[in-house]
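The values are calculated or read from the model by the stated rules, or taken from the named source; none is laboratory data. If you're wondering where the values come from, they're calculated on a predicted model, not measured in any experiment. Ideal geometry is used to build each Cβ from the backbone, glycine not excepted, and the neighbour counts take in all protein chains shown.
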Amino acid sequence: MCGIIGFVGRQEAAPILLDGLAQMEYRGYDSAGIAVRGPEKGLQVMKSKGRLQALSDLTHQGADLTGPLGIGHTRWATHGEPNDVNAHPHVSENGKIALVHNGIIENYLEIKEQLMNHGVTFTSDTDSEVVAQLLEYHYNECGSMTEAVGRCLRRIEGAYALGIICADYPNAIIAARKDAPLILGFGENENFIASDVTAILKHTRDVIYMNDGEIAVLTADSIDVFDDELTPLNREHSYVDWDAEAAEKGGYPHFMFKEILEQPEAIRKTVSPRVRGGRVVLDDIALTADYARRISRIYMIACGSAYYAGMVEKYVWETLLRRPVEVVLASEFRYCQPLVDENTFVIAISQSGETLDTMAALREAKRLGGRTLAVCNVVGSSIAREADDVLYTWAGPEIAVATSKGYSTQLAALDLVGLYLADLLGTVEKAEYDAILTELQALPDKMQQYLEHYEETQYYASRYFNHNSIFFIGRNLDFAMGLEGSLKLKEISYIHSEAYASGELKHGTISLIEPGTLVVALGTHAPLFDKAMSNVVEVKARGATVLAVTTDSLRESMEKTADAVISIPETHQLLQPSLGIVPLQLFAYYVALQRGCDIDKPRNLAKSVTVE
Ligand code: F6R
C-alpha cells in the first residue's frame, strides 16, 4: 500500500526520494509525488498518476526540484480516485506546508466541514489533504510547527504515518505515527523517514521504529523524538541486518520467481538457529511449561496466505498437542466475540507485521486477557512489537505482492513452536518428535531437490494456462495446502479458482465439473492417498482434466488415473505441505507468465494491507 520516504541532508533530495519510492514500488500504488524544499526555489511539489516512471519523466529524474530536504509518496487510492490532484504530497492553502500520509483519517469529513466554514478551499477528495489544511490552521494560530503538529494530532482520529515539511522550516522534516508504520533512519550528515525499511536500506541500517503517538523532528544532523505532549524521549535504536541485495531482483525476471527459489535458504534461516542438541530451543519466546499446561484454547489469527498457513498448522498442532486449534480470519475475529481468557494462546501470523486486521485482532485478544505470540517476518513491525512474544521468520525482504517465502517460513516457524509446545507438554513420543525435527531440518535440501527439475511444472503451466476456471481438491493437509495454491493462482493469473476438501465435492461443487474442467488434485498426504485417488476417478468420470501433485513414491499409482502428474520428495507427513506448495507456486507463476500478467504487482493488490 502507500509508501513514504523523507530525506534531509546535504545532497539533492529529489533523486534520493525517487529511488526510495522505487524500492517500495512492490507495495502497490497508483500515483506518486515528491515535495522538495530548497534555498532557491522554496517549496516545490510535483506529482503524477500512474507508474513512478511518469513522475521521474515529469521531473527529469528529479532535476527539476532542487534542495537538500524533501518528502515522497506512492499512493494506493482509498479516498478519491487515483489522479494527479489526489496524489500526495498535499499542500496547504497558503502553499507553505506539504505533507505525505499513510493510513486513514476517520473524522476527516467533520474537520473538512469545519475548515470550510473558516473559508478554507480544498482541492482534492482525500482525507489526507484535511491534515495539511488543519496544520496550516493551527500553525497560523500558534506560530510553531511542532506545536501545530501536536494540536493537529489531538484532533484527528484514525491511522497515520505522516511526513511534513514547511517552507518556514528550511532544515527540518516532522514525522508522526499512529497505527501505520514509520521508521527513522540515521545516516551521516543525513537522515531519513520511511514507511518501509527497504526504501532506505542503501543509505543506513541504523533505525528507530517509531511508536504510536510519537513525533520526530529530523534535520541533517539530528533526530529528536517526542511523545504526544512534546516531551523529549530517549528511544532505542535498532540495527537492520537485511541484505540490501536481497531486495533487488538480481537478474531474475520477477521478484516472485526469485523468492520462490530462495525458499530453501529462507527455511534454513528460520529453523537452523533454533535447533540445538536435537531439540527446538526458542530463546526468543518466554513461554513456560506451566503456562503451556494451562492453555485451554488456541487461536491462530491472520489474513490471506498467512491464514492458510494457519490452516495447515491447525492439522499439525492438533496432532502434536492434542488441543483444539481454531484458525480465524483476523477481519472476523475482532467482531465475533472470541472466547479468549488468560488460558487462551493467540498466535498472530503476519509476514509484514503491519496488516491492520491482524493488528486489530491481536489487540482484541490482548484486551480479553489472552497470551499472544506474533509470527512475523519484518523485524520491528507493529504486530511484532505489540505481541507478548515474537518469533521472527527471518525470510529476508519479500518484495513480490504474492507471498511465497513469507508463507513457507511461516509454516516452518509454526512447526517449530508446535514441536516446542509438544515437548513442554509431553504430548508427542520422543521417536516421533525426533523424526519430525530431523525432517524439518532436511526440508531445505528436499525443496532444492524438487527445484532442480521444476521444468515439468513449467510445461504443465504452458499446457493448461488457458483454462478459465480451475479447482484444487485435497483432503486434510492437502486441502489446507490447496487453499494457498488456489489463492496463488487466482491472485497473479486472474483465473477463477477454488479449493475444496475433496470429500465435500459430492455435496455441491461436483456439479461445476464438466468436460475439460481442470482439476488440480492434491495427493501428497499418504494416509489418505487412496481416498484422494477415488476423488480423482470421480472428477475424471465427469470429464475433468486432472493435474495431480503427489510424492515421488506415489507417482506411479497416480499416473494410472491422472492426466498429468507432478511429484515432490517425501518428508514427514505433517511437513509435506511445505514441499507440496512449491510446485503450486511455480504453476501459478508460469500460468501468469503465459497470460502476460503483471506478476510482481497484480492488479488491485497491495503488499501490506494497512487499511481495514
Ligand atoms: C497472498 C498474500 C496475502 C497476505 C495477506 C496477509 O499472496 O500475500 O494474502 O498473506 O495480505 O499479509 P501479512 O502476512 O503481511 O499479514
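Miscellaneous remarks
- Residues (acidic (Asp, Glu) and surrounded by 19 or more Cβ atoms within 10 Å (Cβ to Cβ)) located in segment 248-287: Glu259, Glu262
- Note on segment 439-471: among residues that are touching a residue at least 60 places away in the same chain (Cβ under 8 Å) and among the small types (Gly, Ala, Ser), the one that is surrounded by the fewest Cβ atoms within 10 Å (Cβ to Cβ) is Ser462.
- Selected residue (criterion: nearest to the ligand (Cβ to nearest atom)) from residues of segment 385-412 that are of a type outside the set (A, V, I, L, M) and part of a loop (DSSP other than H, G, I, E, B): Thr403
- Glu313 touching a residue at least 12 places away in the same chain (Cβ under 8 Å) and away from the ligand (no atom under 16 Å from the Cβ): no
- Matching helices (runs of 4 or more DSSP H) fully within segment 262-374 where at least 1 residues are over 28 Å from Leu443 (Cα atoms): 289-294, 330-333, 356-367
Table: residues versus (1) within 16 Å of the ligand (Cβ to nearest atom); (2) more than 21 Å from Lys314 (Cα to Cα).
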{"position": "Thr524", "(1), (2)": "no, no"}
{"position": "Leu528", "(1), (2)": "no, no"}
{"position": "Thr551", "(1), (2)": "no, yes"}
{"position": "Ser557", "(1), (2)": "no, yes"}
{"position": "Asp563", "(1), (2)": "no, yes"}
{"position": "Val582", "(1), (2)": "yes, no"}
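- All strands (runs of 3 or more DSSP E) inside segment 1-89 with 3 or more residues being in the same structural domain as Ile104 (by TED's automatic domain parsing), of a type in the set (Gly, Ala, Ser) and in contact with a Leu (Cβ under 7 Å, 6 or more places away or on another chain): 31-38
Results for (1) without any contact (Cβ under 8 Å) to a residue 12 or more places away in the chain; (2) surrounded by 18 or more Cβ atoms within 10 Å (Cβ to Cβ); (3) acidic (Asp, Glu), shown as yes or no for each residue.
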| residue | (1), (2), (3) |
| --- | --- |
| Ser305 | no, yes, no |
| Ala309 | no, yes, no |
| Leu320 | no, yes, no |
| Glu326 | no, no, yes |
| Glu332 | yes, no, yes |
| Cys336 | yes, no, no |
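- Any chance Ser502 is within 16 Å of the ligand (Cβ to nearest atom) and either free of Cβ contacts under 8 Å to residues at least 12 places away in the same chain or crowded, with 20+ Cβ neighbours inside 10 Å (or both): no
- Failed criterion for Val378 (all others in (1) β-branched (Val, Ile, Thr); (2) touching an Asp or Glu at 6+ places or on another chain (Cβ under 8 Å); (3) more than 13 Å from the ligand (Cβ to nearest atom) hold): (3)
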